[in-house]
Structure formats: C-alpha cells, structure tokens
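Structure first, commentary second.
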Amino acid sequence: MRDQTLLIAIALILIIMVVVVVFFVVFIDKRKKNIEKEVTELDKEKNLIASTPVLSELSKVESIVKNDKMEEKYQYWQKRFEVIKGDRLTKINDMITELDLSVTAKDYKNAWIKMAQTELEIYKAKIAADHLMEEIREITVSEEKYRSIVIKLKTKYRSLTNEFEAHKDDYDEIGPIIELQFENIEKRFLDFESIMENNEYNEVVHVVKALDTMIDHMSIVIEEVPQLVLLAKQLIPKRMEDIEHLYASMITEAYPLDYLNIPYNMEETKKNITNIMDRIRVLNLEECMFELKTILDYLDSLFTDFENEKTARKNYEDNIDDFENKLKRLDQLVADIYLQMDDIKNMYDLTDNDLTKLNEVRDGLEKMDSDFQSLTTSIEEKKEPYTTLYRELAKMTIQLQQLEENLDISLKSLGSMYDDEVRAREQLDEIQIVLKQCKLRIRSYKLPIISNNYFVELAEANEAILEIIKELEKKPIEIKILNTRVDTARDLVLKLFNTTNEMIRTAQLAEMAIVYGNRYRAQHEEVHMGLRSAEMLFYKGNYKGALETSINTLELVEPGIHKQLLDFKNKSVSSE
C-alpha cells in the first residue's frame with residue numbers, strides 16, 4: 001500500500017514537471033513571436049517614412065522656383081530630406097539589425113530596451129518627415145488654396161458692388177469715397193495676380209489678409225452708411241428744426257425753459273454731427289451709429305421734456321387755486337380758533353399738549369404761507385420750470401394735508417362733532433384724489449406685470465375708504481372711530497402712493513440698465529446671459545431683481561455702474 005502511494009506521488013510530480021516545462025517552452029516561443037512581430041512592424045514604419053513623397057513634392061517646388069527666396073527654401077528642404085533619409089533612416093536600420101541579433105540570441109531583456117529606443121527614433125523621424133511635407137505642401141498647394149479664398153472674396157466683393165450700385169443714391173456724398181475704396185480693392189486683386197504669376201508665395205498671405213480685411217470693412221460700410229447718412233442729414237436735422245420751433249413757441253408762451261439749455265445744446269449737436277460726418281467721409285464708422293442714435297434719443301427726450309412742462313403747467317394751474325383756497329381756509333380756521341381761545345379754555349379743559357399741537361399747526365401754516373409766496377414769486381419771475389414747481393406744489397399739498405390732519409387731532413379735544421364730520425368728508429375727498437392719482441400713474445407706465453402685493457395694498461386702501469363712508473353714514477357718528485378710519489385710509493393710500501412711485505422708479509431703472517447694457521451683448525456672452533435673466537425677471541414683475549441682476553451684470557464690463565445708477569436713483573428720489 002505504501003509503495004503504491006509513493007509511485008502515485010512520483011507520477012504526479014513527473015506530470016507537473018512536464019506541464020511546467022511545456023508551459024515554459026510555449027511562453028518563450030510566444031514571447032519570441034511577439035518580439036518578432038513588433039520588429040516587423042517597426043521595419044514597416046521605417047519603410048513608410050522612407051517612402052514619404054517628399055521628392056515628388058520637391059520636384060513641384062523646383063518647377064515654380066522663380067526668385068532667390070524660393071531657391072533658398074528649396075535647397076534648405078532638400079538638405080533636411082537628405083538628413084532624414086541618409087542619417088536618421090540609416091541609424092534606424094542599424095538599430096533594427098541589432099534588435100534582430102538580440103532576438104536571435106534570445107537576449108529578450110536587451111531586445112525590449114532596444115525596441116523602445118528604435119520606436120523613439122522612428123517617431124522622431126516620422127515627425128521630422130511630416131513637418132517637412134507640411135512646409136513643402138504649404139507652397140505647392142498655395143495657388144489652389146489662395147485662389148479658392150480669393151474667388152470667395154471676389155464673390156463677396158461683387159455682391160457689395162452690386163448692392164452699392166443698386167442703392168447708390170442712398171449713399172449721397174459718401175458714394176465717390178466708396179468708389180475709390182472699391183478701386184483700391186481692385187488694385188489688391190491685381191496685386192494678388194501679379195504675386196501668383198511670379199510665385200512670390202511669401203507675400204501672397206499678406207495680400208489675401210489685406211483683401212479680407214478691406215472687404216469685411218466694406219461690408220460694414222455698405223450696410224451702415226445709408227442709415228448714418230439718413231440720420232445725420234435728414235432725421236436729426238428735422239428733429240432739431242422741430243425742437244427749435246417748439247422751443248421758440250413755448251418761450252413765447254412764458255415757459256421757463258432755461259434749465260434745458262436748448263440753444264447751446266443745439267449748437268453742440270450740430271458740431272457733433274459735423275464731426276461724425278467727417279469720420280464717415282473717411283469711412284471711419286466706429287461708434288458713429290451709437291453716437292447718432294444717442295443724439296436722436298436726446299432730441300426725442302427733449303420732446304418728452306416739453307410735454308412734461310406742458311403737463312406740469314396744466315397740473316399746476318389746475319391745483320394751485322385749490323391749494324390756495326385750502327391754505328386760506330385753514331389759516332382762517334386757525335385764526336378763528338385763536339380768537340375764541342379764551343372761550344374754548346372756559347368751555348374745555350385743554351391740556352398743555354393740546355395747546356402745543358395747536359401752536360405747531362399755526363407755526364406750520366405760517367411757514368406754508370411763506371413757501372407759497374416764494375412759489376408764486378418763482379412763477380412771476382420765471383425762475384423755475386413748471387415740472388419743479390408742480391413737484392414743490394405736490395410736496396406742499398402733502399405737508400398741508402399733514403397740517404390739516406394735525407389740526408384735526410387738536411380739534412378732537414374741542415368736541416365739535418360737526419367740524420369733525422366736515423373735516424372727515426374733506427379728507428375723504430383728498431384721499432380719493434390721491435388714490436385716483438395712484439391708479440392713473442400705474443396705468444400711465446405700462447408695466448408688464450403688477451405684483452399681487454400691489455393689488456393687496458390697493459384693496460386695503462379701497463376697503464379703508466369704504467369704512468370711512470360707512471362711519472359717515474352712521475347716526476350718530478362716533479368721532480373717535482371715524483378719525484381712526486380716516487387715519488387708516490390716509491396711511492394706506494399714502495403707502496400705496498409710495499409703493500406706486502417706488503415700483504415705477506425701480507422698473508424704469510431696471511429697464512434703463514438693460515437698455516444701457518445692450519451695447520455689450522454682442523461682445524460679452526456673460527453680459528448677454530445676465531441681461532437675458534434680468535429681462536426674464538422684469539417681465540415676471542420682479543423689477544427689483546431685474547435691477548440687481550442687470551447692475552451686477554454691467555459691473556463685469558463697466559465697474560462703478562452700480563454707484564452711478566444708485567446716485568441717479570437717489571437724485572430721482574430726492575427730486576420727487
């Protein structure tokens with residue numbers, strides 16, 4: 001039994017040894033075949049480099065050599081090819097031979113090292129040959145390449161000349177200048193033909209680039225000059241003529257328009273147009289379109305200023321009498337109270353606080369009388385425009401309302417129900433007027449969306465006014481509740497008034513920032529995307545978000561625009 005086990009073990013050992021020997025022989029044989037295959041591939045790559053059609057390309061160059069520069073290049077390329085074929089490929093061939101000897105000697109370790117070195121030399125030789133071929137072909141295919149480019153440029157050039165000839169009258173005095181530029185382009189085409197005839201391929205690229213630049217510039221000229229001429233010689237002069245006539249008419253009607261500085265600005269505008277036309281005559285169109293449109297926008301804004309003056313004058317004249325009557329009525333009312341003050345003190349237990357409030361109302365009315373006198377003097381002396389005067393009148397109206405409210409508070413302690421009711425009815429009328437002004441103002445500026453919060457404030461103001469009406473209809477009237485209702489309605493309407501102004505002012509600034517930023521859209525993708533986001537917010541009714549987004553976007557290309565817009569906003573707020 002033990003002998004059988006020993007025999008089996010010996011047999012297993014022999015079998016394992018045979019398997020190992022066979023595996024080793026197969027592995028060595030496969031390794032040898034892989035190396036031989038790699039050597040064969042390297043030899044093929046070497047032969048491919050040797051078969052590079054450099055000589056055929058050089059023969060093409062030889063046939064077009066007509067000047068010293070080309071001859072020098074031809075000789076230089078020949079030397080480089082001789083180095084590749086004579087030195088590099090000979091060295092590679094020797095390395096492949098040594099590699100074969102290492103494989104035959106089964107020195108696989110050195111064979112792998114030599115193979116890597118041979119691959120590196122073949123790679124270097126291939127790169128050198130490819131670069132040489134690229135340089136030679138840059139010359140051999142130059143004629144076909146550049147003629148193809150010039151054919152496209154000629155097609156574009158003919159299209160421009162056809163467009164020019166079809167609308168020649170639109171170019172006015174600039175037409176002959178454009179024709180001269182077309183002649184210069186024609187000369188460049190002739191230069192190209194001369195260079196190609198003499199095989200001066202080193203110069204052809206400069207001529208082609210010059211042609212491309214000149215034709216691109218002429219594309220802009222042909223497209224923009226008719227519009228520029230129309231703006232500079234027709235639209236803007238007509239606008240200026242209309243403005244000067246309207247200005248003279250309004251001056252005759254006693255409008256104080258010195259603040260617009262029209263004569264000086266018109267003279268400066270004429271100088272700017274002359275300067276722009278001088279640049280157009282030399283086909284320097286950079287910023288011309290922007291400057292002319294800016295001038296046109298300014299002129300259009302003057303029409304708006306004139307209309308604002310007319311509207312402000314009408315509003316001023318419509319409201320000044322009411323304001324004066326109300327001021328006189330309050331003056332008389334306060335004067336009557338002080339005439340009866342001794343009797344009132346006997347009838348009512350007035351506190352020091354009551355007397356202080358009455359004194360404050362009296363002092364406020366005295367100041368109001370002085371301010372009103374200054375206002376009327378400004379009109380007589382034509383010191384201030386009606387837009388400013390009407391703003392001042394509106395501010396004084398609010399102040400007068402506040403004085404009236406303070407007087408109402410003081411008179412509560414006097415216990416006159418009739419007077420309280422009268423005042424309540426008057427305040428109701430004034431509140432309704434302010435509410436109406438809010439509605440008219442929000443309608444006049446066509447916002448894309450009005451937020452739900454605004455409608456909530458509007459509903460609250462309307463509801464508060466209805467509460468006043470309900471209290472006035474009650475018999476008897478509860479004065480304390482009525483006054484509370486009036487105060488609430490007034491606060492809500494004033495809140496609505498402020499919300500209306502703020503919403504419109506923010507929307508206007510956002511819109512202005514977006515329009516101002518449009519000039520950067522074409523050159524800056526981030527500006528285009530930022531302004532696009534601002535526009536989306538604007539049309540969703542998020543005007544504050546639109547303003548912040550547009551300002552942050554403009555900061556990317558014009559640092560400091562944020563402060564400029566905020567200064568403008570603060571000035572707008574202070575002027576209102």
Original post:
Is there any pair linking a residue in the range 363-384 that is farther than 14 Å from residue 395 by Cα to one that is of a type in the set (Phe, Trp, Tyr), with Cβ under 9 Å and at least six apart or on different chains, and which?
Top reply: 379/316; 379/386; 382/255; 384/259
Original post:
Of all the residues that make up the range 287-344, how many are modelled with pLDDT under 85 and farther than 30 Å from residue 379 by Cα?
Top reply: 9
Subject >> Enumeration of residues in the range 521-530 that are surrounded by 17 or more Cβ atoms within 10 Å (Cβ to Cβ) and without any contact (Cβ under 8 Å) to a residue 24 or more places away in the chain >> reply: none
Original post:
Limited to the range 531-543, what total is found for residues that are assigned to a helix (DSSP H, G or I), at pLDDT below 85 and surrounded by 14 or more Cβ atoms within 10 Å (Cβ to Cβ)?
Top reply: 6
**OP:** Would you check if residue 410 is at pLDDT below 80 and either among the acidic types (Asp, Glu) or surrounded by fewer than 16 Cβ atoms within 10 Å (Cβ to Cβ) (or both)?
**Re:** no
Subject >> Selection within the range 307-333 - aliphatic (A, V, I, L, M) and either more than 37 Å from the chain's Cα centre (by Cα) or loosely packed, with under 13 Cβ neighbours inside 10 Å (or both) >> reply: 320, 327, 330, 333
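One line per residue, one yes/no per condition, for (1) at pLDDT 85 or above; (2) surrounded by 12 or more Cβ atoms within 10 Å (Cβ to Cβ); (3) in contact with a helix residue (DSSP H, G or I) (Cβ under 7 Å, 6 or more places away or on another chain):
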{"site": "132", "(1), (2), (3)": "no, yes, yes"}
{"site": "139", "(1), (2), (3)": "no, yes, yes"}
{"site": "142", "(1), (2), (3)": "no, yes, yes"}
{"site": "145", "(1), (2), (3)": "no, yes, no"}
{"site": "170", "(1), (2), (3)": "yes, yes, yes"}
{"site": "173", "(1), (2), (3)": "yes, no, no"}
{"site": "176", "(1), (2), (3)": "yes, no, no"}
{"site": "183", "(1), (2), (3)": "yes, no, no"}
{"site": "205", "(1), (2), (3)": "no, yes, no"}
**OP:** Output yes when any residue across the range 249-262 is surrounded by fewer than 18 Cβ atoms within 10 Å (Cβ to Cβ) and farther than 19 Å from residue 310 by Cα, and no when none is.
**Re:** no
Subject >> Single match in 305, 297 (criterion: touching a helix residue (DSSP H, G or I) at 6+ places or on another chain (Cβ under 7 Å), more than 30 Å from residue 409 (Cβ to Cβ) and among the charged types (D, E, K, R)) >> reply: 305
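Quick check on this structure: which one of 390, 386 is over 15 Å from residue 324 (Cβ atoms), among the aromatic types (Phe, Trp, Tyr) and modelled with pLDDT of 80 or more?
386
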Original post:
Does the range 457-477 include one or more residues that are within 30 Å of residue 304 (Cα to Cα) and either in a helix (DSSP H, G or I) or aromatic (Phe, Trp, Tyr) (or both)?
Top reply: yes
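For residue 255, indicate whether it is modelled with pLDDT under 90, hydroxyl-bearing (Ser, Thr, Tyr) and part of a loop (DSSP other than H, G, I, E, B).
yes
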**OP:** Determine which single condition residue 240 fails, assuming it passes every other condition in (1) more than 29 Å from residue 314 (Cα to Cα); (2) within 30 Å of the chain's Cα centre (by Cα).
**Re:** (1)
Subject >> Whichever residue in the range 267-306 is in contact with a Lys or Arg (Cβ under 9 Å, 6 or more places away or on another chain) and farther than 30 Å from residue 256 by Cα and, among such residues, is surrounded by the most Cβ atoms within 10 Å (Cβ to Cβ) >> reply: 288
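The values are calculated or read from the model by the stated rules, or taken from the named source; none is laboratory data. Note that the structure is predicted; figures quoted are calculated from it, not measured. With ideal geometry, Cβ positions are generated from the backbone for all residues, glycine too; neighbour counts draw on all protein chains shown.
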